[in-house]
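The values are calculated or read from the model by the stated rules, or taken from the named source; none is laboratory data. Predicted model only: the values in this text are computed from it and were never measured. Counting neighbours? That spans all protein chains shown, and the Cβs are built from the backbone with ideal geometry, glycine included. Keep in mind that these areas ignore ligands, DNA and RNA; they rest on the heavy atoms of the full protein, side chains included. Shrake-Rupley method; radii C 1.70, N 1.55, O 1.52, S 1.80 Å.
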Amino acid sequence: MITLTTIAELRAQLDADRASGLRVGFVPTMGFLHDGHVSLIDAAVAANDRTVVSIFVNPLQFAEGEDLEDYPRDLDADAARCEAAGADYVFAPPVEEMYPRPVDTVVTVPDVSAPLEGVHRPTHFAGVATVVNKLFAIVGPCRAYFGAKDWQQVAVVTRMVSDLSIPVEVVPCPIVRESDGLAMSSRNVYLSSAERDQAPALRRALDAGLAALRAGERDSGSVEARMRAVLSEDAPGGVVDYAAAVSADGLTADGPLAGDVRLLLAVKFSKARLIDNDGLTIS
Ligand code: AMP
């Protein structure tokens, strides 16, 4: 495995690979890798001839006052995990390599970005769409792997790829969880031990929402109330940004829930903001 820090070096490697007919899979990350990230690398390695993992804490997707400076980083450990998982290239550019001057070109996907995360992090998805677009232009992958944990992010990237006819297949991958149900996240290290004890309540809240749906509840407000009740009981240290029951397509609820339903949560603890989701199809 090779670790590269410049766009030119990575392009030279990948151009040679593609010229030999090799197919390139891509896993974009912000590093501090855990088993959730590794599951994406595993999927990429299984389906492609070459796998690129990018490790880049993208300033564009952090708003003022968010955790850009504090975001956990450990490039050596990350490179070891990538190598063990069978990745071929780690692309870890410094910020100046990606953004040598202030960015003037921004990709926005406003409708998909607006609800849920967009209400609380209004500039976040423009930063994500812009860097993912740029990384696609740098890497030129056949396939790119994203975790369903960031459900709305998958929706934003999928829509961007479709609208801009970017020649890449977006492959969503299942959420990887700790044994107590907490979705793995680089930000889980921010949780105090009391908060860590409360954090699996998100999984239980989703289960309560799913149980309500299975029992025939079709009113989104009632499903949301079930999830909030679990959170206020089991995670009193968290502030709920949203607990939503929506159509999986538009991420909004208009009328009774039907078809593919998605339940999504965002809960803010003292430093960590946790998100999670699950869904089912109502036939
Ligand atoms: P991040 O480094 O947090 O930007 O995440 C990089 C990629 O890993 C994104 O596509 C995430 O959705 C995915 N990811 C993060 N956590 C998990 C998880 N617990 N299970 C599966 N994928 C994940």
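Report the normalised scattering of segment 135-283 as log10 I(q)/I(0) at q = 0.16 Å⁻¹, calculated by the Debye formula with identical scatterers on the alpha carbons. So the normalised log intensities are -0.89. The slack between ALA114 and ALA47, meaning 0.36 nm per residue of separation minus the straight C-alpha distance, is 20.8 nm. Ranked from largest to smallest solvent-accessible area, with a 1.4 Å probe on the protein heavy atoms, GLU117, GLU233, GLU66 come out as GLU233, GLU66, GLU117. Each residue, LEU22 and ARG159, gets one label point 7 Å from its Cα in the Cβ direction; the gap between the two is 3.6 nm. Carbon and sulfur atoms: what percent of the 1.4 Å accessible area of segment 2-173 do they account for? Ligands and nucleic acids excluded, carbon and sulfur give 53 percent. Scalar couplings 3J(HN,Hα) for segment 272-280, obtained by applying the Karplus form with A = 6.51, B = -1.76, C = 1.60 to θ = phi - 60°, are 8, 10, 9, 10, 7, 7, 7, x, 8 Hz; x denotes Gly and Pro. Amide H contacts of PHE269: VAL239, LEU274, each under 5 Å away and 5 or more positions distant or on a separate chain (H built 1.01 Å from N in the peptide plane; Pro and chain starts excluded).
Summing +1 for each Lys or Arg and -1 for each Asp or Glu among the other residues whose beta-carbon sits under 9 angstrom from that of HIS120 gives +1.
Taking amide H as placed 1.01 Å from N in the peptide plane, the amide H of GLU169 sits under 5 Å from that of ARG143, ALA144, each at least 5 places away or on another chain. Note on SER283/THR252: beta-carbon distance plugged into 1/(1 + (r/R0)^6) with R0 of 25 Å gives a FRET efficiency of 0.75. Entry comment: accessible area of segment 1-119 is 49 Å² per residue, from protein heavy atoms only and a probe of 1.4 Å.
Backbone geometry of segment 100-105 corresponds, through the Karplus equation with coefficients 6.51, -1.76 and 1.60 at θ = phi - 60°, to 3J(HN,Hα) couplings of x, 8, x, 6, 10, 10 Hz, x marking Gly and Pro.
Only Cα pairs under 8 Å and 6+ residues apart enter the sum, and on that basis the relative contact order of the chain stands at 17 percent. When every alpha-carbon pair in the chain is counted, what percent end up more than 29 Å apart? Distances greater than 29 Å cover 34 percent of the Cα pairs.
Farthest towards the positive end of the charge dipole of the chain, among the residues ALA235, PRO94, SER247, is the Cα of SER247, using unit charges on the Cβ of Lys, Arg, Asp and Glu. A full extension of the chain between ASP70 and THR5 corresponds to an added length of 21.3 nm, given 0.36 nm per residue minus the alpha carbon distance. Using the Cβ atoms and a cut-off under 11 Å, what net charge is assigned to the surroundings of HIS37, where Lys and Arg are +1 and Asp and Glu are -1? With Lys, Arg at +1 and Asp, Glu at -1, the neighbours total -1. Looking at segment 186-277, the accessible area is 43 square angstrom per residue; that uses a 1.4 Å probe and ignores ligands, DNA and RNA. Each Lys and Arg contributes +1 and each Asp and Glu -1, all at the Cβ; summed about the Cα centre of segment 238-283, the dipole is approximately 320 debye. Here the sum of -39500 (n - 2.57) over DSSP H runs of 4 or more residues, divided by the residues of the chain, equals -12000 deg cm²/dmol at 222 nm, to the nearest 500. With q set to 0.14, 0.29 Å⁻¹, the log10 of I(q)/I(0) for segment 153-201, from the Debye formula over equal scatterers at the Cα positions, is -0.55, -1.07. Less than 5 angstrom separates the built amide H of THR252 from those of SER247, all sequence-distant by 5 or more or on a different chain. Normalised by the number of residues in segment 186-277, the average gap of Cα pairs under 8 Å and 6 or more apart makes the relative contact order 31 percent.
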